[in-house]
Amino acid sequence: MTTRRTDMGLELEAALGEVLAHVQGKTTLPQRIVDDPAAQHILALRKRMKLSRQRFADRFGLDVRAVQDWEQGRRVPNRAARVLLTVIERNPEAVAGALEERVPDATRADVVREVMKAYQVPVMNNTHRSEYVEAMVAVALAESGWSRTKPWDSWDFEHKSSGLRMEVKQSAAAQAWGEGRTSGPPRFDIRARSGYWDQSAKWRSSPGRHADVYVFAWHAGAGDSVDQREPANWQFYVVPECRLPDQKTVGLSTIRHLAEPCGADGLPGGLAAAMPER
């Protein structure tokens, strides 16, 4: 039987022969010397950067005890640590930048989600509840010719064809600051103003109330099951301005004598019936 010797086998035999000759001291194999930073070298590197041992370790992802042992000669950096120290010496900012934990830039969707958290609690504070109720009214009146005005306008809605103006006032029994307790009898602000800012941002001196009709929203829910986010839990009262008393505030009991309550779906009909002629 004949045994065939391959090229790979011949190369292996030659390599093993070189290793054996090196071990026997008959020949010298080529060697590559990798720099092994001495203790003073590592210490000088840190001092040159003007960093404490802890800050040096934190900045470059090293163990502070290992750095201490290297500098005091108790341990020698392993191969990976030697490579890292070499790169640190040549380009420390690149290493620090690569190791830095980067927080991704916020997107518009991230900001919207954060804003919406204020409207996703069952009991909202007065500012957010006011915005929420106006949004409910806007949805209910989407097909009725009413549109929301800008935040700085002196009334909340305006009727496109007639130009009539509407104010929305809201209150709720459960308050965010009340920790589950209910507030006292609600009162709504209906005070007269000395004037208003028109659409061109010009002040118009015009004493009185500047809305033609008022929508009063009331949420009576209290206790653990209260949820001010649900439109079906709100009552709405539509009152023409001319029927409101000449005073700064009005109570819910007075409003109930002036109008019948309706749900959000009843607002279009209620407003149509209450709108004064122009």
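If the cut-off is 22 Å between C-alpha atoms, which lysines fall inside it for Lys169, apart from same-chain ones fewer than 8 positions away? By straight Cα distance, Lys169 reaches Lys150, Lys160, Lys248. Computed packing ranks the peptides 250-262, 163-175 as 163-175, 250-262, most packed first, by mean other Cβ atoms within 10 Å.
How high is the FRET efficiency between Glu143 and Asp224 when r is their beta carbon distance and R₀ equals 41 Å, given to the nearest 0.05? Step by step, r from the Cβ atoms, then E = 0.70.
Ranking Gly223, Thr127, Gln170 by Cα position along the charge dipole of the range 100-223, where only Lys, Arg, Asp and Glu carry charges on their C-beta atoms, puts Gln170 farthest toward the positive end. One Cα centroid belongs to the range 192-229, the other to the range 54-84; the line between them spans 67 Å. A Cβ-based charge dipole, computed about the Cα centre of the range 173-252 with Lys and Arg at +1 and Asp and Glu at -1, lands at about 420 debye.
With R₀ fixed at 30 Å, the C-beta to C-beta distance from Arg256 to Ser194 puts the FRET efficiency at about 0.50. Annotation: amide H of Arg187 has no partner in the under-5 Å range at sequence separation 5 or more or interchain, hydrogens built in the peptide plane.
Nonpolar atom fraction for the range 119-167, defined as the carbon and sulfur part of the 1.4 Å probe accessible area, stands at 50 percent. Working note: Karplus 6.51/-1.76/1.60 with θ = phi - 60° gives the range 187-197 the couplings 10, 10, 6, 10, 5, 6, 10, 7, x, 7, 8 Hz, where Gly and Pro are set to x. When both bridge partners sit in the range 126-239, DSSP labels roughly 70% of those beta bridges antiparallel.
Only the Cβ atoms of Lys and Arg (+1) and of Asp and Glu (-1) were treated as charged; on that basis the dipole of the range 52-120 about its Cα centre amounts to roughly 220 debye. Rolling a 1.4 Å probe over the protein heavy atoms of the range 68-118, with every protein chain left in place, gives an accessible area that is 53 percent carbon and sulfur. A straight chain from Ala94 to Arg59 at 0.36 nm per residue would run longer than the Cα-Cα distance by 11.5 nm. Under a model in which nothing but the beta-carbon of Lys, Arg (+1) and Asp, Glu (-1) is charged, the range 126-197 shows a dipole of about 200 debye around its Cα centre.
For Val250, neighbours were defined as the other residues whose beta-carbon sits under 11 Å from its Cβ, and their charges (Lys and Arg +1, Asp and Glu -1) total +4.
Using θ = phi - 60° in the Karplus curve 6.51 cos²θ - 1.76 cosθ + 1.60, the 3J(HN,Hα) couplings for the range 112-118 round to 4, 4, 5, 4, 5, 4, 5 Hz; x is entered for Gly and Pro. A simple spin-label model places the labels of Val111 and Lys47 5.0 nm from each other, with each point 7 Å out along Cα-to-Cβ.
The values are calculated or read from the model by the stated rules, or taken from the named source; none is laboratory data. Since we're looking at a predicted model, the values are computed, not measured. Note: ideal-geometry Cβ built from the backbone for every residue, glycine included; neighbour counts use all protein chains shown. These accessible areas exclude ligands, DNA and RNA; they are computed on the full protein's heavy atoms, side chains included. Shrake-Rupley method; radii C 1.70, N 1.55, O 1.52, S 1.80 Å.
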